[in-house]
1. Residue check, Asn142 against (1) among the polar types (S, T, N, Q); (2) touching a residue at least 60 places away in the same chain (Cβ under 8 Å); (3) in contact with a Gly (Cβ under 9 Å, 6 or more places away or on another chain), all met but one. Which one?
2. Among the listed residues Gly149, Gly69, Gly102, Gly132, which satisfies the condition of being in a loop (DSSP other than H, G, I, E, B), open to solvent by less than 40 Å² (accessible area, probe 1.4 Å) and either within 30 Å of Arg13 (Cβ to Cβ) or modelled with pLDDT of 95 or more (or both)?
3. If you take the residues in the stretch 10-27 that are open to solvent by 40 Å² or more (accessible area, probe 1.4 Å) and touching a Leu at 6+ places or on another chain (Cβ under 7 Å), which one is farthest from Met151 (Cα to Cα)?
4. Anything in the stretch 150-189 that is of a type in the set (A, V, I, L, M, F, W, C) and over 22 Å from Gly69 (Cα atoms)? List them, or say none.
5. Considering only the stretch 124-146, how many residues are out of contact with any helix residue (DSSP H, G or I) (no Cβ under 8 Å at 6 or more places or on another chain) and under 21 Å from Leu3 (Cα atoms)?
6. Hey, could you check the stretch 85-99 for residues that are surrounded by fewer than 20 Cβ atoms within 10 Å (Cβ to Cβ) and among the hydroxyl-bearing types (Ser, Thr, Tyr) and say which is nearest to Glu155 (Cα to Cα)?
7. Looking at the stretch 77-99, which of its residues are charged (D, E, K, R) and either more than 18 Å from the chain's Cα centre (by Cα) or not in a helix (DSSP H, G or I) (or both)?
8. I'd like to verify a number: residues in the stretch 28-59 that are small (Gly, Ala, Ser) and either open to solvent by 50 Å² or more (accessible area, probe 1.4 Å) or not in a strand (DSSP E or B) (or both), how many?
Amino acid sequence: GWLSEESKDNPERLDKELVWVVDPIDGTKEFIWGIPEFVISVGLVQNGEPVVGVLLNPVENELYSASKGNCAFLNDERIHVSETTELSDASLLVSRTETRNGHVDKFSDYIGQFKPTGSVAYKLCLASAGRGDVFVSVYSKNEWDVCAGDMVVREAGGTMSDIYGNTVTYNNKVTKIKDGIIAGNATIAEQMLALTKRLDGQEN
């Protein structure tokens, strides 16, 4: 089966065991603006779970890849998520738009620093390589935004869920992941999940 941002959706994919999930370019704004933070993202899912992820940043000559049970790589070098253990020391990879709109301000008193970066998929790549501790987004995402990066993060020793801690699955009838994403270093991700729940409780 086939699911892509740039293709008309075919419901026949729902009956397929194996489905390609593709974003021909994630980070279109960055591409247009000449910022080298965009990727071609190709994932393969089996029964809703990612089994292969490949992402290419052609400007930086970075090829991130992973397959289930076979580790994650940047070009030919094995990569791993960061080893940071304290949220107060952590760097959060965040959207420039979410930063500009103040949607991540509530975390600022609890974390080390924000790293505004383009492309959802590229932020997952950076988290998988330990070039940021965790990627956090409070915006909804599409399956093709995160599928390949999810695989790379997992095989780099990290974790990915929605902002309530639910595992993300793929090849669903509704392809929008409405509850945002937390991905990367599992220790920091767990602390971010707890912080998000606590802050949401305070706000409610």
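The values are calculated or read from the model by the stated rules, or taken from the named source; none is laboratory data. Quick caveat: nothing in here was measured; it's all calculated off a predicted structure. Neighbour counts are summed over all protein chains in view; Cβ atoms, including those assigned to glycine, are modelled from backbone coordinates with ideal geometry. Heads up: the accessible areas ignore ligands, DNA and RNA and are worked out on the full protein's heavy atoms, side chains in. Shrake-Rupley method; radii C 1.70, N 1.55, O 1.52, S 1.80 Å.
1. (3)
2. Just a single option satisfies the conditions, and that option is Gly132.
3. Per the criteria, the residue is Leu18.
4. Ile163, Val174, Ile177, Ile181, Ile188
5. Looking only at that region, the number is 4.
6. Thr85
7. Result: Glu77, Arg78, Glu83, Glu86, Asp89.
8. 2
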